[in-house]
Amino acid sequence: MTAQPAQHQAKIRPSKGAPYARIMGVGGYRPTRVVPNEVILEHIDSSDEWIRSRSGITSRHWAGPEETVAEMSIAAGGKAIAAAGISPEDIGGVIVATVSHLKQTPAIATEIAHRIGAGNPPAFDISAACAGFGYGLTLAKGMVVEGSAEYVLVIGVERLSDLTDREDRSTAFLFGDGAGAVVVGPSDVPAMGPTIWGSEGDKSTTIQQTVSWEAYRTAKPGEVRFPALTQEGQAVFRWAVFEMAKVAQQALDAAGITADDLDVFIPHQANMRIIDSMVKTLKLPEHIAVGRDIETTGNTSSASIPLAMEQLLSTGQAKSGDTALVIGFGAGLVYAATVVTLP
Ligand SMILES: CC(C)(COP(=O)(O)OP(=O)(O)OC[C@H]1O[C@@H](n2cnc3c(N)ncnc32)[C@H](O)[C@@H]1OP(=O)(O)O)[C@@H](O)C(=O)NCCC(=O)NCCS
């Protein structure tokens, strides 16, 4: 029921935003060190052939000591701001999606906002794992349309190599490091569709940190290994293949388009077989460009969609103005899918 203002109530002036929002520019940063499967095999009993055929990954990037969460974010964010054709001081909000910033507080977003030259905008981190970029995109769209910011920098950044157990066969080959960023700003025409997003907390243990920081802190020295990411690979695989194709279809429906209207599909880079299966289930036409940079980037969680977007645009597989379906899904379990116009 809509509340009616009481007679005595002061009349509050509402904020005024843009009619619509759009992605204006994208930027990516991949760490210098390329790590081929051979390096992974030094620690686990596996083979290059198994890793390639079961995940599609041939190499990933691991960050060096200087390539911190902040440094990678600033590099990617700076490129996105330049591509958007605005100045850092125009940024009115910074949202950083990450699960691998290993300092609990403050949010890394404030340091990034300051160092990138954005002044003093609202800046905060969100923890929505591989759906983090989609969550950030949706919040940014809301800010631009609601009027609390004109331009919002959304960054997905991970140093998953810090949270990977090199001896865990089910994850050691999967994860990579990097940062991807976009600027979301005002638009006169619709360029970001409704987001289909949600969580399935009954599956919260299928991807998680091995032990809590508290358990690690209170353990006797050497008793508990440094926390790492662990997963029930098959359960996550099945959920992604069966449930996420439905969510992707809902995002198309909500945007009022069909697969035939799409130019580009940018799914979270979790596993090449999950990507292939979604392409098939969604019956995507052959001409659609599909993000597949998991092959050389690995799974970079919240950074994976903007990194894949940047790669598709920079290699000419996708172009400005193309209509793209993006979908992220992961630990939580959480998901977010939406249709966007590429910058
Ligand atoms: C992790 C993943 C690649 C494993 O592939 P899979 O085909 O499901 O592999 P399984 O766990 O079923 O194991 C199959 C066999 O390979 C073996 N195996 C597991 N890891 C292996 C490895 N690294 N190298 C070689 N063999 C391996 C298993 O022991 C098993 O052998 P068995 O059949 O003799 O018992 C896959 O489950 C996956 O990608 N899951 C989703 C991951 C994901 O997206 N996570 C992040 C979400 S954002």
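The values are calculated or read from the model by the stated rules, or taken from the named source; none is laboratory data. Worth saying up front: this structure is predicted, and the values here are computed from it rather than measured. Glycine gets a Cβ as well: all are built from the backbone with ideal geometry, and neighbour counts include every protein chain shown.
Out of the residues in the stretch 156-180 that are in a strand (DSSP E or B) and not basic (Lys, Arg), which is surrounded by the most Cβ atoms within 10 Å (Cβ to Cβ)?
Narrowing the stretch 156-180 to residues in a strand (DSSP E or B): 156-159, 175, 177-180.
Add one more test, that the residue is not basic (Lys, Arg), and what stays is 156-158, 175, 177-180.
On the way: 156: 34, 157: 37, 158: 31, 175: 23, 177: 30, 178: 32, 179: 35, 180: 34.
Of everything passing the filter in the stretch 156-180, 157 is surrounded by the most Cβ atoms within 10 Å (Cβ to Cβ).
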Matching residues in the stretch 123-175 (among the aliphatic types (A, V, I, L, M) and more than 14 Å from the ligand (Cβ to nearest atom)) number 14
- Task: Consider residue 30 carefully, then state whether it is within 14 Å of the ligand (Cβ to nearest atom), touching a residue at least 60 places away in the same chain (Cβ under 8 Å) and under 19 Å from residue 293 (Cβ atoms).
- Result: no
TODO: Return a yes/no flag: does the stretch 193-215 have any residue that is farther than 22 Å from residue 132 by Cβ and polar (S, T, N, Q).
DONE: no
The condition of being more than 15 Å from the ligand (Cβ to nearest atom), touching a helix residue (DSSP H, G or I) at 6+ places or on another chain (Cβ under 7 Å) and touching a residue at least 60 places away in the same chain (Cβ under 8 Å) holds, among 333, 252, only for 252
Taking the stretch 111-133 and the residues there that are more than 19 Å from the chain's Cα centre (by Cα) and of a type outside the set (D, E, K, R), the one that is nearest to residue 338 (Cα to Cα) would be 122
Listed by first then second residue, the pairs whose first member lies in the stretch 205-224 and is without any contact (Cβ under 8 Å) to a residue 60 or more places away in the chain, whose partner is within 16 Å of the ligand (Cβ to nearest atom), with beta carbons under 6 Å and at least 6 positions apart or on separate chains, are 210/228; 210/230
The condition of being surrounded by fewer than 19 Cβ atoms within 10 Å (Cβ to Cβ) and without any contact (Cβ under 8 Å) to a residue 24 or more places away in the chain holds, among 127, 53, only for 53
Checked the stretch 225-244 for anything in contact with a helix residue (DSSP H, G or I) (Cβ under 9 Å, 6 or more places away or on another chain) and either more than 25 Å from residue 158 (Cα to Cα) or loosely packed, with under 15 Cβ neighbours inside 10 Å (or both); matches are 225, 226, 235, 242
Counting only residues that are away from the ligand (no atom under 16 Å from the Cβ) and among the charged types (D, E, K, R), the stretch 38-88 contains a total of 4
Flagged in the stretch 228-249 as outside any helix (DSSP H, G or I), farther than 19 Å from residue 327 by Cβ and either under 19 Å from the mean Cα position of the chain (by Cα) or touching a residue at least 60 places away in the same chain (Cβ under 8 Å) (or both), in numbering order, are 228, 229, 230
Of the candidates 283, 319, the one satisfying the condition of being under 21 Å from residue 79 (Cβ atoms) and in contact with a helix residue (DSSP H, G or I) (Cβ under 8 Å, 6 or more places away or on another chain) is 319
Residue 166 fails exactly one of (1) at pLDDT 95 or above; (2) under 26 Å from residue 282 (Cα atoms), namely (2)
Notebook entry, point to check: Is there a residue in the stretch 134-155 that is closer than 15 Å to residue 298 by Cα, in contact (Cβ under 8 Å) with a residue 40 or more places away in the chain, surrounded by fewer than 24 Cβ atoms within 10 Å (Cβ to Cβ) and over 11 Å from the mean Cα position of the chain (by Cα)?
Noted result: no
